[in-house]
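Just below is one structure, and these are the notes that go with it.
The values are calculated or read from the model by the stated rules, or taken from the named source; none is laboratory data. Keep in mind the model is a prediction, meaning the values are calculated, not measured. Positions of Cβ are generated from backbone atoms using ideal geometry, with glycine treated the same way; all protein chains shown enter the neighbour counts.
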Amino acid sequence: MNSQEYIDLENKFGARNYLPLDVVLDRGEGVWVYDVEGNKYLDCLSSYSAINQGHVHPKILAALIEQAQKITLTSRAFRNDQLALLYKDLSDLTDYEKFIIMNSGAEAVETAIKIARKWAYQVKRVPRNKAEIIVADGNFHGRTISIISFSSEALYKDDFGPLTPGFVSVPYGDSDSIEKAITKNTAAVLLEPIQGEGGVIIPPDGYLEDVSMICEENNVLFMVDEIQTGLGRTGKLFACDHEDVWPDVMIIGKALSGGFYPVSAVMTDRHILGLFQPGEHGSTFGGNPLGAAVARAAIKVIIEEKLTENSALMGEYFMEQLAEIPSKHIKEVRGRGLLIGVELKESSGGARRFCESLKNKGILAKETHGTTIRFAPPLIITKEQIDWALPIISDVLTMN
């Protein structure tokens with residue numbers, strides 16, 4: 001079958017809840033992916049930063065195969081060796097004391113919301129069913145009903161009500177607005193350190209540090225969603241590290257499994273996560289031995305191959321070169337590490353047409369929020385590979 005035949009099948013039988021670029025991939029290796037006709041593309045999206053380690057990393061693949069030949073699922077009715085070892089690996093990596101492993105990023109965010117509410121009732125003594133969580137305009141934390149309830153994007157929520165109460169949204173990057181929004185019922189503040197889906201929006205310097213202090217002074221949990229920004233993407237292990245901020249609750253996912261299997265985690269200390277009692281929360285697949293073994297290998301690759309350090313070096317170089325492109329369409333180039341957004345002017349006609357042209361020339365990137373192209377290649381990318389891509393990107397961005 002050719003690409004168009006696969007596209008026709010998907011359009012006929014699949015829900016139209018995505019608008020993908022019309023490329024049908026069937027193989028990946030490192031920073032490269034290949035379509036069903038054998039055409040080669042540089043992946044500059046990394047499955048929304050889930051493939052920091054590169055496609056089909058051999059060490060993670062080996063861990064997957066080895067564990068799949070032993071046992072893949074125990075449910076949480078029983079214990080398994082790999083989950084216990086993953087807990088230890090995460091503790092060594094982060095110094096948090098307690099962890100709960102889920103599958104998707106949205107599940108982890110839901111978990112964080114639940115534990116924040118329980119903390120509010122059990123520890124802070126907020127009246128039951130009155131707890132509030134402060135979030136930021138432009139946020140993206142997932143697609144469940146509770147999460148879309150505090151989205152500021154009408155498309156995500158308008159036809160899916162009734163929505164979940166208990167959330168207050170304030171402008172992103174404005175710590176004063178958070179301080180003003182705090183009440184005696186505030187349980188937590190939930191933020192992305194960089195709004196990836198929002199268009200690679202970077203808050204002002206000191207924002208996270210200010211919010212952390214405000215939360216501490218007001219007995220409020222500071223919860224940070226590092227699902228997309230974490231595990232080396234921004235040139236630090238976590239984006240919070242750019243300001244030496246240690247949130248009360250950190251949420252990770254995506255690259256935690258290197259693209260092989262959905263694994264996410266909520267990380268905090270025992271006085272918070274220890275509030276969960278048996279039966280209050282869980283997942284049949286969360287913490288399964290196959291996913292845990294994959295996550296352990298994925299973490300090891302990030303550390304041993306110094307992917308965080310490479311992200312910092314290559315990200316700085318990539319952004320510098322992108323900023324020098326003489327395009328009338330470019331409004332701004334911004335980012336940290338290898339999470340880069342090229343925002344186009346309204347007069348450009350939108351980012352989609354540029355992404356389609358890049359695809360036709362062998363580079364896969366995706367538009368976000370209409371006018372921004374996100375460049376987020378695997379963290380294993382080299383200067384030579386970036387240099388191969390830059391003339392193509394320049395040609396596309398300087399077209400009429």
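At least 3 residues being closer than 25 Å to residue 196 by Cα is the threshold, and among the helices (runs of 4 or more DSSP H) wholly inside the range 233-324 those reaching it are 289-304, 307-323. Taken over the range 221-247, the criterion of being closer than 25 Å to residue 291 by Cα and not aliphatic (A, V, I, L, M) is satisfied by 225, 226, 228, 229, 230, 232, 233, 234, 236, 238.
Results for (1) assigned to a loop (DSSP other than H, G, I, E, B); (2) closer than 23 Å to residue 153 by Cα, shown as yes or no for each residue.
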| site | (1), (2) |
| --- | --- |
| 172 | yes, yes |
| 177 | no, yes |
| 183 | yes, no |
| 190 | no, yes |
| 193 | yes, yes |
| 198 | yes, yes |
| 203 | yes, yes |
| 209 | no, no |
| 215 | no, no |
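Within the set 204, 165, the sole residue that is out of contact with any Pro (no Cβ under 8 Å at 6 or more places or on another chain), under 26 Å from residue 377 (Cα atoms), surrounded by fewer than 17 Cβ atoms within 10 Å (Cβ to Cβ) and at pLDDT 95 or above turns out to be 204.
Annotation: residue 78 fulfils all but one of (1) of a type in the set (A, V, I, L, M, F, W, C); (2) touching a Lys or Arg at 6+ places or on another chain (Cβ under 9 Å); (3) outside any helix (DSSP H, G or I); the unmet one is (2). The single condition among (1) aliphatic (A, V, I, L, M); (2) within 23 Å of residue 219 (Cα to Cα); (3) surrounded by fewer than 19 Cβ atoms within 10 Å (Cβ to Cβ) that residue 133 does not meet is (3). Of the set (1) surrounded by 20 or more Cβ atoms within 10 Å (Cβ to Cβ); (2) touching a residue at least 24 places away in the same chain (Cβ under 8 Å); (3) closer than 24 Å to residue 376 by Cα; (4) not basic (Lys, Arg), all apply to residue 173 but (1). Annotation note: of 290, 344, 313, 322, the sole residue that is among the hydrophobic types (A, V, I, L, M, F, W, C) and surrounded by fewer than 16 Cβ atoms within 10 Å (Cβ to Cβ) is 313.
Scanning the range 358-372 for residues that are surrounded by fewer than 16 Cβ atoms within 10 Å (Cβ to Cβ) and not charged (D, E, K, R), we see that the one that is farthest from the chain's Cα centre (by Cα) is 360. Scan the range 9-21 and tell me whether some residue there is surrounded by fewer than 18 Cβ atoms within 10 Å (Cβ to Cβ), among the acidic types (Asp, Glu) and either touching a Leu at 6+ places or on another chain (Cβ under 6 Å) or not assigned by TED's automatic domain parsing to the domain that holds residue 264 (or both). The answer is yes, given that some residue of the range 9-21 is surrounded by fewer than 18 Cβ atoms within 10 Å (Cβ to Cβ), among the acidic types (Asp, Glu) and either touching a Leu at 6+ places or on another chain (Cβ under 6 Å) or not assigned by TED's automatic domain parsing to the domain that holds residue 264 (or both). The single residue among 323, 312 that is without any contact (Cβ under 8 Å) to a residue 12 or more places away in the chain and among the aliphatic types (A, V, I, L, M) turns out to be 323.
Of all the listed residues (296, 270), the sole one being within 20 Å of residue 57 (Cα to Cα), assigned by TED's automatic domain parsing to the domain that holds residue 193 and basic (Lys, Arg) is 296.
Here residue 120 fulfils each of the conditions (1) within 27 Å of residue 237 (Cα to Cα); (2) out of contact with any Pro (no Cβ under 8 Å at 6 or more places or on another chain); (3) among the small types (Gly, Ala, Ser) apart from (1).
For the residues 147, 115, the requirement of being crowded, with 22+ Cβ neighbours inside 10 Å, closer than 24 Å to residue 256 by Cα and in contact with a Phe, Trp or Tyr (Cβ under 8 Å, 6 or more places away or on another chain) singles out 115.
Within the range 336-357, the set of residues being acidic (Asp, Glu) and under 20 Å from the mean Cα position of the chain (by Cα) comprises just one member, 343. When the residues of the range 228-240 are filtered to those that are in contact with a Phe, Trp or Tyr (Cβ under 9 Å, 6 or more places away or on another chain) and among the hydrophobic types (A, V, I, L, M, F, W, C), the one that is surrounded by the fewest Cβ atoms within 10 Å (Cβ to Cβ) is 240.
Taking the criterion of being surrounded by 21 or more Cβ atoms within 10 Å (Cβ to Cβ) and either out of contact with any strand residue (DSSP E or B) (no Cβ under 7 Å at 6 or more places or on another chain) or within 18 Å of residue 240 (Cβ to Cβ) (or both), the residues of the range 100-109 that qualify are 105, 108, 109.
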